[in-house]
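My questions will all concern the structure given below.
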Amino acid sequence: MRSIIALGSNMGDRLDYLNKAKKQISLRVGKITGESKILETKAYGYTEQGDFLNMAISVETKLQPEELLDTLLEIESELGRVRTIHWGPRTLDLDIIYYGDKIIKTERLKVPHPDLHNREFVLKPVSEICPEFFDPLRKKQVSELLLDLRK
């Protein structure tokens, strides 16, 4: 299943955290089939913190959605992620943006990511690696969502 994952970091050696996360994802999740450029962006939500490095990757995975979530949370934790402030500083943030064309709404997991249409730091990298990808919830291509956000 093709999954789109957003990566972000704003603590320590941000680039190193992104690279370590990609390596772990390739080892534990599946083959990385696409990778965006890295963007440096201002914090979203809680803004009293350092700038982020953000990117997106596409991965071919055999993991089921909840298994994918658990694996990404393990990688975050192993790379020093501590959850103290909602939207606060973090060594690493890994979000499942899409899991194929599935719409998933459980207590633990919502896919497509519920706030992706408000986040240029997600839409721009995702649009770079798969502009034609069709958002099954919003019924638009990712590139269209990005244009809508910029209006």
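I need every pair where a residue in the stretch 106-120 that is under 16 Å from R2 (Cα atoms) has its Cβ under 7 Å from the Cβ of a residue that is not hydrophobic (A, V, I, L, M, F, W, C), sequence separation at least 6 or different chains.
V111/P65; V111/Y98; V111/Y99; V111/K102; P112/Y98; P112/D135; P112/P136; H113/D95
Take the residues in the stretch 115-142 that are in a loop (DSSP other than H, G, I, E, B) and buried (at least 16 other Cβ atoms within 10 Å of the Cβ); name whichever of them is nearest to the chain's Cα centre (by Cα).
R119
None of the figures in this text is laboratory data; all of them are computed from the coordinates on show. The shown structure was predicted, so the numbers you read here are calculated from the model rather than taken from an experiment. Quick reminder, even Gly has a Cβ in these numbers, built from the backbone with ideal geometry, and neighbours come from all protein chains shown.
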